[in-house]
Amino acid sequence: MIPVEVFRSEASAAHLHQQVRWREGLQCPRCQSESVIKYGSYREYQRYRCKNCGRTFNDKTGTIFACVEIGLDKLLFAFYSLLRFNTSIRQLDAELDVSYRSLHRRVEHSSDALDAPRIDLAGPVEIDEFYVSAGKKGGERDGWSRSRGLSKRGRGSYDGDKPPVFALVDRGSDQRYVIPSKSADESTVRLLLDDHEEESLTVYTDGFRAYDPLEKDETYQREAVIHGEGEYVDGDAHLNTCKSHRRGISKNKLTAYLRLFELRRKILRKPGRDALKEIIQTVL
Ligand SMILES: [Zn+2]
């Protein structure tokens with residue numbers, strides 16, 4: 001169910017946001033002290049004063065929602081429909097009566113807020129690759145496609161309109177990663193799988209030839225399996241975006257889109273209100 005009650009007013013949106021933000025208790029965003037008292041309000045938002053550093057802050061301070069001209073009710077609805085229904089930002093523009101520019105800027109910022117850890121694999125690991133359509137004009141990137149046929153493998157390029165993207169599921173740590181890459185080849189596969197705890201890492205792959213060299217490498221135990229569609233979609237598991245600046249595998253213009261894409265998969269099976277909480281928690 002769509003959590004319409006949250007979108008009804010800025011006050012109700014502010015209430016949900018407050019619940020999610022302080023789910024582990026109140027904390028000063030500046031000095032991290034938990035010695036915090038209520039201190040009036042700022043519009044729909046509770047204000048606080050830190051007894052340690054003396055500064056005041058409110059529910060939105062230090063989040064991507066701070067200093068935003070769009071009401072939180074509209075903003076949350078925008079995120080919800082973008083992620084849940086693949087709505088375009090232009091559609092929302094008409095629906096919410098907020099400008100395309102400001103909404104787009106917010107979404108971009110929120111993607112930046114989704115930072116990521118480096119890959120450290122416990123194993124066994126599933127790895128799979130797909131291709132994203134990302135070359136649309138105007139910054140709108142709707143939809144993605146998955147090319148399973150061998151004939152289409154390797155066609156996508158980082159600079160082209162269908163860059164390859166790797167999805168990693170670490171069954172050992174229950175971590176998931178979605179990583180855009182320059183090409184779907186052996187060296188990329190090796191870079192992605194390089195950091196593992198055990199001497200030999202078990203890797204489940206499909207029949208794609210870029211994984212073949214793993215067979216001859218004793219630091220890997222390759223198991224070829226064919227994944228069904230939606231294999232990586234699991235509401236209980238933890239998703240993480242992987243960004244490896246150090247090696248230059250990922251980042252760039254695609255990253256923002258991919259983070260939202262990944263979040264979309266994560267909330268796929270969650271009920272409306274839980275999905276929205278997950279969204280807030282992720283973009284905060
Ligand atoms: Zn403080």
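Work out the FRET efficiency for Asp185 and Arg105 from their Cβ-Cβ distance, taking R0 = 45 Å, and round it to the nearest 0.05.
Details: r = 36 Å, r/R0 = 0.79.
E between Asp185 and Arg105, to the nearest 0.05, is 0.80.
Using 1/(1 + (r/R0)^6) with R0 = 25 angstrom and r between the beta carbons of Val4 and Ala66, what's the FRET efficiency to the nearest 0.05? The partial results should precede the final answer.
Numbers: r = 25 Å, r/R0 = 1.01.
Given R0 = 25 Å and the Cβ-Cβ separation, E is 0.50.
So between Phe85 and Glu223, what do we pick up on full extension, going 0.36 nm a residue minus the alpha carbon distance? Don't jump to the answer; show the numbers that get you there.
Numbers: separation 138, 0.36 × 138 = 49.68 nm, distance 3.54 nm.
In short, 46.1 nm is gained.
At a Förster distance of 45 Å, what's the computed FRET efficiency of Ala11 paired with Asp174, Cβ-Cβ distance as r, to 0.05?
Details: r = 37 Å, r/R0 = 0.82.
After rounding to 0.05, the efficiency reads 0.75.
For the pairs Lys74/Lys266; Lys51/Lys277; Lys74/Lys270; Lys216/Lys270, note any where the Cα-Cα span goes beyond 31 Å. Write down the numbers at each step before the final one.
Values: Lys74/Lys266 22 Å; Lys51/Lys277 29 Å; Lys74/Lys270 21 Å; Lys216/Lys270 41 Å.
Listed pairs above 31 Å: Lys216/Lys270.
Every number in this text was worked out from the coordinates using simple rules, so none of it is lab data. The shown structure was predicted, so the numbers you read here are calculated from the model rather than taken from an experiment. So basically every Cβ, Gly included, is an ideal-geometry build from the backbone, and we count neighbours across all protein chains shown.
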